[in-house]
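Some notes on the structure that comes next.
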Amino acid sequence: MPSNCSAVQALPFGVHVIDTGFHRACFDASYLLVEGSHAAFIDTGTNHAVPLLLDALRGAGLTPEAVDWLIVTHVHLDHAGGAGLLMQSLPNATLVVHSHGARHMINPTQLYQSARAVYGADEMARSYGTIVSVAAERVLCTEDDMTLMLGPRRLRFIDTPGHARHHHCIWDETSRGFFTGDTFGLSYREFDTARGAFVLPTSTPVQFEPQALRNSIVRMMSYGPEWMYLTHYGRVGDAPRLAALLLDQLEAMVAIARAAMNAPDRHRRLKSDLAALYLRHLRDHGCVLPDAQIFELLALDVELNAQGIGIWLDRERRMQDRRA
């Protein structure tokens, strides 16, 4: 476990980072936002995280009745897999989800099957369990630039496609920070150096759109954020530097993708080239971990990023064929 990782980390402005325990320490976070006697969860992790989230709520001196909102940044299962089960313990909460993702929370069958196609039946059973539906009357769909109040605290939702079309990010005026889901990439604490945090984009299947992701990052930066609260993982500052790093890598990932478009061994080549890209940037960042450890830490992300890029390339090819 990284030295700066804990099961629950209390930050200023009533923000609590909860390690959901998914995969490894400091990999997947849920956030508990406390404002007086009001509370909200942002992202949940999987079903296995639900007891941890309820423990964190009790540790903050609140009961389940105090939770007004359960917000998911998008419906991928490492962010929203535990939402239905958690809602069963939150009698006064409303589930807040992007309008494009709401149907998957109300009826998670298609969502589960899509994830099963990526991860396999054994991994789904082991890591996610049975996905619980949420009654439609307890679901609130967001629109771009919509605001909700947590007591006196204003939360603004902006549409941030690119990683997924059902993704929004939440601007918290009080902390001047964004709860970013996957739009602002992945930042693992093992890669922190004297230069600060490291971040890389995520193109997980199946809705990766690089130009939309670029636009979403630029839009978030227009708010002048002081903090980014990442699901993977934790709070990071120095947002302008990290945004520039994300955009540089995103451009390189597109170049890698286009170069491999017609390669007979495309998936293997994508994985190899992506791993080399991230290693090069990590060395520039001052990371001194052995190559083997870096590749081990990034193995899942390299695999999923290559899958997502491949799906995007196939979609691009079909669009070109229709225009021809």
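The values are calculated or read from the model by the stated rules, or taken from the named source; none is laboratory data. Since the model is a prediction, treat every value here as computed from it, not as a measurement. Note: ideal-geometry Cβ built from the backbone for every residue, glycine included; neighbour counts use all protein chains shown. To get the accessible areas, we keep the full protein, side chains included, count just its heavy atoms, and leave off ligands, DNA and RNA. Shrake-Rupley method; radii C 1.70, N 1.55, O 1.52, S 1.80 Å.
General remarks:
- Rounded tilt (10° steps) of 210-221 against the dominant C-alpha axis of the chain: 50
- Environment charge at GLY120 (Cβ cut-off 15 Å; Lys +1, Arg +1, Asp -1, Glu -1): -1
- Distance between the modelled labels on PHE295 and ARG241, one decimal in nanometres: 2.9 nm (7 Å Cα→Cβ projection).
- Pairs of alpha carbons in region 41-170 whose separation is greater than 17 Å (percent): 56
- Averaged over residues, the count of other Cβ atoms within 10 Å places the peptides 165-171, 127-133, 78-84 in the sequence 78-84, 165-171, 127-133, highest first.
- For CYS141 and TYR223, the difference between the fully extended length at 0.36 nm per residue and the C-alpha to C-alpha distance is 27.2 nm.
- Whether region 196-261 is rounded, prolate or oblate, judged on the alpha carbon gyration tensor where a/c under 1.5 counts as rounded: prolate
- Cα gyration tensor shape for region 229-324, rounded if a/c is under 1.5, else prolate or oblate: prolate
- Peptides ranked, highest mean first, by Cβ atoms within 10 Å: ranges 102-112, 216-226: 102-112, 216-226
- Angle of helix 50-59 to the longest C-alpha principal axis of the chain, folded into 0 to 90 degrees and rounded to 10: 50°.
- Net charge over other residues, Cβ less than 12 angstrom from the Cβ of ALA275 (K, R count +1; D, E count -1): -1
- When SER175, SER272 are compared by accessible area at a 1.4 angstrom probe, the order from most to least is SER272, SER175.
- Think of region 215-310 as having a plus end and a minus end, set by charges on the Cβ of Lys, Arg, Asp and Glu; of ALA257, LEU298, GLY234, ALA257 sits farthest toward the positive end of this dipole.
- Gap separating the Cα centres of region 276-324 and region 179-210, nearest whole Å: 12
- Karplus-derived 3J(HN,Hα), 6.51/-1.76/1.60, for each residue of region 70-85, Hz, glycine and proline x: 10, 9, 10, 5, 6, 9, 4, 5, 6, 10, 10, x, x, 4, x, 5
- A simple spin-label model places pseudo-atoms 7 Å from Cα toward Cβ; at THR130 and ARG195 they are separated by 4.9 nm.
- Measuring max minus min along each principal axis, the C-alpha atoms of region 102-202 give extents of 40, 39, 23 Å (largest first).
- Cα gyration tensor shape of region 169-224, rounded if a/c is under 1.5, else prolate or oblate by comparing a/b with b/c: oblate
- Taking the accessible area of the chain, probe 1.4 Å, and keeping the other protein chains in place, the carbon and sulfur fraction comes to 52%.
- On a per residue basis, the chain carries 40 Å² of accessible surface, using protein heavy atoms and a 1.4 Å probe.
- Maximal additional length on extending the MET149-SER114 stretch stands at 9.3 nm, based on 0.36 nm per residue less the C-alpha distance.
- Rg(Cα) / (2.2 N^0.38 Å) computed for the chain, rounded to two decimals: 0.96
- Difference of contour (0.36 nm per residue) and Cα-Cα distance, GLN88 to VAL8: 26.6 nm
- Mean-position separation - Cα centroids, region 104-173 and region 1-40, in angstrom: 19
- Dipole magnitude of the chain, debye to nearest 20 (Cβ charges: Lys/Arg +1, Asp/Glu -1, about Cα centre): 640
- Angle in degrees between helix 109-119 and the longest Cα principal axis of the chain, rounded to the nearest 10: 40
- For the peptides 20-32, 250-262, the ranking by packing is 20-32, 250-262, with the highest mean count of neighbouring Cβ atoms within 10 Å listed first.
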